[in-house]
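Peer 1: Submitted below is the structure of interest, expressed as structure tokens.
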Amino acid sequence: MKRIIRPLICYLGLAVLLAASLFGCKKSEKMPEDMVAQVNDHYLRLSQVKASVPAGLSDDLALSLKKNIISRWVENEAVYQAAMEAGTELTDYDKFLVNEYRKSLIIQRYLDRKLKKKYTVSDKEVEDYYNQHRDEFKRSEDEVHVVHLFMAQSDPAIFKEIRNSDDLMSIIKKYYFNEKSTVNQPNGDLGYVPLSEFPERFVRILKRMKTGTITRPIKTKNGYHFFQLLDRQKAGTIRSLDLVRADIELRLKKLHRDKDMKRLIQQAKRNVQIQTYLSKIQ
């Protein structure tokens, strides 16, 4: 379950950091109608905040991120204005970095227009890549394919139903536990998960289970956990094509995009005069 939490935290942290640096401090002659923060005569607009929030987040996460962006902007803006008041200036190298960053944004806009929005790959391309790179999909450690259910409170009736069932997923859907799934306690089919990502107590139980069986309720300080073991795979086995198809499609799309980008770069270089003076860096 750690693999689910970690990327999201990193992504949110990066979004906040970018927002705080990009929204900086553009002076406005007229107070914008969608202003959400103000430090003296500098403003942060709602449109700028929304542009920094990635799509697909829950309402609660999106709201929390927006508040974080605003808070960071206010802090940065206050310190920025203090620095300006003190006469702080950029060095020549700082100005170079600012200009390089500006150029990188313009380049990205240009590439977004020139490169395809979507790249498609055929089933044959996917299958050929899989057959030619099978070692890349080798498991580095033991994995289990499990269905997981977390219940905060004991419910004898549901516990009995689970005990008499051979399909934990049907119980999850029947009582809408899948809709109560959270990042910390995901309910449903977790797919193949490395054993190392489970707490040691769960690992010991999963190692002893037979395929298809459902655990008894595992009591923890937060509530009760159930697992159904659907499959077990040893380290060194190759993941099936169905499991890695989406990953291969992403790789192939990136390869196609990189190829087009390389073509654009070569074309741009042919249209300008280029000279380097490598002797000066010896």
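Peer 1: Answer yes or no as to whether Lys117 is within 30 Å of Thr220 (Cβ to Cβ) and of a type in the set (Lys, Arg).
Peer 2: Judged against the criteria, Lys117 is not a match.
Peer 1: Tell me which of these Gly188 doesn't satisfy, since it passes every other one: (1) at positive phi; (2) in contact with a helix residue (DSSP H, G or I) (Cβ under 7 Å, 6 or more places away or on another chain); (3) without any contact (Cβ under 8 Å) to a residue 40 or more places away in the chain.
Peer 2: In the conditions (1) at positive phi; (2) in contact with a helix residue (DSSP H, G or I) (Cβ under 7 Å, 6 or more places away or on another chain); (3) without any contact (Cβ under 8 Å) to a residue 40 or more places away in the chain, Gly188 misses (3) alone.
Peer 1: For segment 204-213, check the following and say yes or no: at least one residue is under 28 Å from Arg139 (Cα atoms), in contact (Cβ under 8 Å) with a residue 60 or more places away in the chain and not small (Gly, Ala, Ser).
Peer 2: yes
Peer 1: Surrounded by fewer than 16 Cβ atoms within 10 Å (Cβ to Cβ), hydroxyl-bearing (Ser, Thr, Tyr) and modelled with pLDDT of 95 or more: does that describe Thr220?
Peer 2: So Thr220 fits the description; yes.
Quick grid of which residues meet (1) touching a residue at least 40 places away in the same chain (Cβ under 8 Å); (2) in the same structural domain as Glu143 (by TED's automatic domain parsing); (3) under 30 Å from Lys114 (Cβ atoms); (4) of a type in the set (Asp, Glu):
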{"site": "Ile171", "(1), (2), (3), (4)": "no, yes, no, no"}
{"site": "Asn178", "(1), (2), (3), (4)": "no, yes, no, no"}
{"site": "Glu200", "(1), (2), (3), (4)": "no, yes, no, yes"}
{"site": "Tyr224", "(1), (2), (3), (4)": "yes, yes, no, no"}
{"site": "Met261", "(1), (2), (3), (4)": "yes, no, yes, no"}
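Peer 1: So which of Gln185, Gln228 is surrounded by 12 or more Cβ atoms within 10 Å (Cβ to Cβ), of a type in the set (S, T, N, Q) and within 13 Å of His145 (Cα to Cα)?
Peer 2: The conditions single out Gln228.
Peer 1: Failed condition for Ala78, given (1) buried (at least 16 other Cβ atoms within 10 Å of the Cβ); (2) touching a strand residue (DSSP E or B) at 6+ places or on another chain (Cβ under 6 Å); (3) aliphatic (A, V, I, L, M), with all others met?
Peer 2: Status for Ala78: all satisfied but (1).
Peer 1: Same structure, new question: Which of the following residues is within 19 Å of Asp231 (Cβ to Cβ) and either exposed (fewer than 13 other Cβ atoms within 10 Å of the Cβ) or under 24 Å from the mean Cα position of the chain (by Cα) (or both): Lys138, Lys160, Lys180?
Peer 2: The match here is Lys138.
Peer 1: I would also like to ask the following. Select from segment 111-142 the residues that are aliphatic (A, V, I, L, M) and assigned to a helix (DSSP H, G or I) and list them in ascending order.
Peer 2: Result: Leu111, Val126.
Peer 1: Just to be sure, is Glu89 at pLDDT 95 or above, assigned to a helix (DSSP H, G or I) and acidic (Asp, Glu)?
Peer 2: no
The values are calculated or read from the model by the stated rules, or taken from the named source; none is laboratory data. Just so you know, these numbers come straight off a predicted model, no measurement behind them. Backbone-built Cβ (ideal geometry, glycine too); neighbour counts: all protein chains shown.
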